[in-house]
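S.K.: Take this structure first; my questions come after.
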Amino acid sequence: MSRTRTAMLAALALVAGASGTAFAVVPGDVGVAAVPCTVDYKVQNQWGTGFTAAVTVTNNSAAKTSWSLKWSYAGNQKVTSAWNAKVSQSGTAVTVGNETYNGTLATGGSASFGFQGSYTGTNAIPATFTLDGVTCNVDGGGGPTDPPDPTGPKVDNPYSGAKVYVNPEWSAKAAAEPGGSRISNQPTGVWLDRIAAINGVNGGMGLRAHLDKALEQKGSGELVVQLVIYNLPGRDCAALASNGELGPTEIDKYKTQYIDPIAAILADPKYAGLRIVNTIEIDSLPNLVTNTGSRPTATPQCDVMKANGNYQKGVGYALNKLGDAPNVYNYIDAGHHGWIGWDDNFAPSAALFKEAATTEGATVNDVHGFITNTANYSALKENNFTINDSVGGRSVRESSWVDWNRYVDELSFAQAFRNQLVTTGFNSGIGMLIDTSRNGWGGTARPAGPGALTDVNTYVNGGRYDRRIHIGNWCNQSGAGLGERPQANPATGIDAYVWMKPPGESDGSSQFIENPEGKGFDRMCDPTYTGNARNGFNLSGALPNAPISGHWFSAQFQELMKNAYPAL
C-alpha cells in the first residue's frame with residue numbers, strides 16, 4: 001500500500017487540437033512550464049490514536065526568502081508538535097511557516113519538516129497543498145485515503161518527536177540520593193551486559209519487563225527505548241574492569257544465547273510501536289586499531305581478538321539479526337575523539353567499522369548511525385581554544401593535552417567522523433549520537449576563558465573544560481559533571497545527545513573485589529595508580545572507594561550533580 005503522496009503542481013493541461021480531440025500534456029514535457037512546486041507528504045508511523053509525518057516541499061518557481069505551506073484535513077487530524085517548521089492549525093486547516101534557518105528556497109530548492117499528530121477513525125492524506133497560494137495537486141499514486149504501512153521504513157531520526165524511556169530502576173536509585181530528584185526523570189540506557197540480563201538479574205527487570213514498562217510510558221506518542229548491546233567474546237580487550245563473561249572464542253554462544261534471544265524479543269509484534277535504539281558493543285572495534293601489533297598501547301588480548309575476527313563477526317551478527325525489525329535502529333559505538341581522533345586511527349577505524357557492518361550477513365543498511373563518547377568523559381565543546389590556534393608560533397596540536405590530535409572535543413569529532421564514515425561507504429543519511437552523561441565539567445574548576453599565553457601548554461590547560469589529568473583516563477573521573485541533558489537534533493548531523501551511561505553507575509572498583517559477575521580489577525580505577533602507555537604514565541584520576549563496574553556509586557553521583565554543566 002502507498003505510504004507517500006507526492007503533490008505535484010498543476011493538473012494535466014487539456015489542450016484542444018485542430019481535430020477537436022483533447023490530449024494530456026504531462027508537466028515537464030518539452031514546451032510546458034516546469035511545475036511550480038511539489039510536496040512529498042509521508043506518514044512514517046501510525047498507531048491507534050496518533051501518527052508522525054515527514055514533509056518535503058520543493059520550490060520550482062522563483063527563489064523565495066520565506067514560504068508558507070497550507071493544507072486541510074478531511075478527518076479530525078490534529079497536529080500536536082512539530083520540528084523544523086512553525087505549524088498552526090485552525091479547524092481542519094493547517095498552516096506551516098519556515099523557521100529562520102530554512103526560509104530560503106532557491107529555484108529547485110527543498111525544505112523538510114516533521115510533525116506528530118493525533119486522529120481517530122481514518123487518517124487520510126491531504127488531497128491538496130498550496131505553497132504561497134499556488135496549488136500543488138496530488139498525483140495519481142493511489143487514493144487520498146491510502147493508509148500508511150504500519151511496518152514501513154524507518155524514520156530518519158528516531159529521537160525526533162519522541163519521548164525517551166526512563167529506566168525505573170535507575171530512576172529510583174537517583175531519586176533516593178539527596179538532590180537526585182532533579183534528574184531522576186531523565187532517560188538512560190538499559191545495559192544488557194551479560195546473558196542473564198536478558199531475563200533480569202537478582203530480581204531486577206529483564207528486557208521484556210523494560211519494554212512492557214516502555215509501552216506504559218509511551219501513551220499515545222512516540223517513545224524511544226535505548227539498549228546497550230554489550231557482551232562480545234573477549235570483551236574490552238584493553239581493560240580489565242569491564243571484561244565480560246564470554247571467552248575470546250565463544251562467538252557461537254554470543255550468537256545463540258545472547259543475540260538470538262534479544263532479537264526474538266525485539267521482533268515481538270507487541271513492541272512494534274516502540275522505537276528501539278541499540279548501541280552496539282561499546283569499547284570493542286577501536287581496540288583492534290589502537291591496541292594491537294607493535295603499538296606501545298597493544299595488549300596480548302587485543303592481538304588475539306584481531307587474529308580471530310570475533311569482534312567483527314559479533315558486531316556483524318548483531319547488526320544483521322537486530323536490524324531485521326522495522327522499529328529497531330542500530331548505532332555502532334565509535335569510541336571518542338581522544339581515542340580515534342588521530343590521523344593514524346581516524347580512517348582505519350571507519351574502514352574497520354565498514355568491515356564489521358558487512359560481515360555475518362549484515363549490510364550498511366543495518367546501520368542507522370554511530371555513537372561517540374559512550375561511558376566516557378570527553379567534553380562536548382571546548383570554547384576556549386580551537387585546533388587552529390597557535391601560541392608563540394606553536395600549534396595547539398603540539399600541546400601535551402592535544403598531542404597532535406585533529407580534534408579537541410566530541411562535537412567536532414562526531415561531525416567529522418560522520419563524514420569519514422559516509423566516504424568509507426556508509427549511507428549518507430546516518431546520524432550520530434553523543435553520550436553527554438558525564439562530560440559537563442562544570443563547577444568551580446570550569447575555566448571562564450582561555451588560558452594564559454605564556455606557552456601553548458598554559459594556554460590549553462588553562463582554558464580546557466575537560467579537567468582530566470590525561471585524555472586516556474576513563475575510570476570514575478574526579479571532578480566530572482553531568483553534561484547536556486538528553487535532546488533530539490541538537491546540531492548538524494547529530495541525531496541526539498543521550499545519557500547512554502546511567503550516571504552513578506561505577507566504571508570499576510578502586511581495588512580488587514571478589515564478585516560473581518566476572519568483573520576484573522583494572523588499575524586505571526585505582527586513584528594511586530601512576531599509569532601506563534595508554535594514559536601517558538599519569539595518575540589515573542579515579543575516585544576512591546568505588547564498587548565494581550555497573551554497581552551504584554553514590555559519591556560519583558553526587559560529584560556529577562555538583563559539577564553539572566549546564567548546572568542543575
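The values are calculated or read from the model by the stated rules, or taken from the named source; none is laboratory data. All values derive from a computational prediction rather than experimental measurement. Here Cβ is always computed from backbone atoms with ideal geometry, including for glycine, and neighbour counts include all displayed protein chains. The protein model used for the area step is the full one, side chains on, heavy atoms only, and it has no ligands, DNA or RNA in it. Shrake-Rupley method; radii C 1.70, N 1.55, O 1.52, S 1.80 Å.
S.K.: Need one word for segment 431-568: rounded, prolate or oblate. Basis is the Cα gyration tensor (sqrt eigenvalues a ≥ b ≥ c); a/c below 1.5 gives rounded, then a/b vs b/c decides.
M.R.: oblate
S.K.: Run the numbers on segment 256-361 and let me know its relative contact order in percent, using alpha-carbon pairs under 8 Å that are six or more apart. Can you show the working numbers first?
M.R.: On the way: 118 pairs, mean separation 40.5, N = 106.
That works out to 38 percent.
S.K.: Calculated FRET efficiency, residue 532 and residue 307, Cβ-Cβ r, R0 25 Å, to nearest 0.05?
M.R.: Working: r = 22 Å, r/R0 = 0.90.
According to the calculation, E is roughly 0.65.
S.K.: May I ask which of 213/253; 163/213; 173/218 have a Cα-Cα span longer than 18 Å here?
M.R.: 213/253; 173/218
S.K.: Okay, next question. Out of the total accessible area of segment 368-444 (probe 1.4 Å, heavy atoms of protein only), what percent is carbon and sulfur?
M.R.: C and S fraction of accessible area: 43 percent.
S.K.: Toward the positive end of the charge dipole of the chain, about the Cα centre and with charges on Cβ (Lys, Arg +1; Asp, Glu -1), which of 157, 408, 94 goes farthest?
M.R.: Ranked along the dipole, the leading option is 94.
S.K.: If the cut-off is a Cα-Cα distance under 15 Å, which aspartates and glutamates reach residue 306, setting aside same-chain residues fewer than 8 apart in sequence?
M.R.: List returned: 236, 250, 283, 355.
S.K.: Among the aspartates and glutamates, which have Cα under 17 Å from the Cα of residue 64 when same-chain residues fewer than 8 positions away are ignored?
M.R.: Here the aspartates and glutamates satisfying the reach criterion relative to residue 64 are 99, 132.
S.K.: Might you tell me the accessible area per residue for segment 203-269, computed with a 1.4 Å probe and given in Å²?
M.R.: 34
S.K.: Let me ask something additional. Would you work out what percent of the accessible area of segment 155-220, with all protein chains in place, is carbon or sulfur (probe 1.4 Å)?
M.R.: Roughly 48 percent, rounded to a whole number.
S.K.: By how many nm would the segment from residue 212 to residue 272 lengthen if fully extended, with 0.36 nm per residue of separation less the alpha-carbon distance?
M.R.: Stretched out fully, the residue 212 to residue 272 stretch lengthens by 20.4 nm.
S.K.: Mind checking the alpha-carbon convex hull of segment 404-456 and giving the volume per residue in Å³?
M.R.: Enclosed volume per residue, from the Cα hull, is 121 Å³.
S.K.: List the aspartates and glutamates whose Cα sits under 12 Å from the Cα of residue 381, skipping any in the same chain fewer than 8 residues away.
M.R.: Result set, ordered by chain and number: 409, 410, 466, 484.
S.K.: I want the antiparallel fraction of DSSP beta bridges within the chain, as a percent rounded to 5.
M.R.: Approximately 70 percent, going by the DSSP bridge assignments.
S.K.: Largest first, please: the extent of the C-alpha atoms of segment 328-396 along each principal axis, to the nearest Å.
M.R.: 54, 23, 17
S.K.: Per residue Cα convex hull volume for the chain, in cubic angstrom?
M.R.: Spelled out: Cα convex hull of the chain, divided by residues, is 181 Å³.
S.K.: Under a crude label model (7 Å from the Cα following the beta-carbon direction), how far is residue 294 from residue 422 in nanometres?
M.R.: 3.7
S.K.: A further question on this structure: Based on the mean of other Cβ atoms within 10 Å per residue, sort peptides 49-58, 172-181, 417-426 so the most packed one is first. Walk me through the numbers before you get to the answer.
M.R.: Values: 49-58: 20.3, 172-181: 15.4, 417-426: 18.5.
Descending packing order for the listed peptides: 49-58, 417-426, 172-181.
S.K.: Treat each spin label as a single point 7 Å out from the Cα along the C-beta direction, and report the residue 403 to residue 101 distance in nm.
M.R.: Spacing of the two 7 Å Cα→Cβ label points: 3.4 nm.
S.K.: Something else now. Remind me, relative contact order of the chain in percent, using alpha carbon pairs under 8 angstrom and six or more residues apart?
M.R.: For the chain, the relative contact order is 11 percent.
S.K.: Could you give the dipole magnitude of the chain about its Cα centre, charging the beta-carbon of Lys and Arg +1 and that of Asp and Glu -1, in debye to the nearest 20?
M.R.: Taking the Cα centre of the chain as origin, the dipole is about 860 debye.
S.K.: Ignoring ligands, DNA and RNA, please state the percent of accessible area on segment 250-291 from carbon and sulfur, probe 1.4 Å. Intermediate values should be presented prior to the final figure.
M.R.: Details: 640 of 1210 Å².
Here it works out to 53 percent.
S.K.: So for the pair residue 74, residue 415, with labels modelled 7 Å out along Cα→Cβ, what separation do we get in nm?
M.R.: Once both label points are built, they end up 4.4 nm from each other.
S.K.: So, one more: Cα-Cα pairs above 17 Å in segment 347-486: how many percent?
M.R.: Cα-Cα pairs in segment 347-486 separated by more than 17 Å: 64 percent.
S.K.: OK, next. Using only alpha carbon pairs under 8 Å that are at least six residues apart, calculate the relative contact order of segment 273-429 and give it in whole percent.
M.R.: Values: 237 pairs, mean separation 39.6, N = 157.
So the answer I get is 25 percent.
S.K.: So for segment 453-529, what are the equivalent ellipsoid semi-axes in whole Å, largest first, each being the square root of 5 times an eigenvalue of the Cα gyration tensor?
M.R.: Taking √(5λ) for each eigenvalue gives 28, 23, 9 Å, largest first.
S.K.: How much accessible area per residue does segment 313-454 have, in Å², with a 1.4 Å probe?
M.R.: Dividing the accessible area of segment 313-454 by its residue count gives 34 Å².
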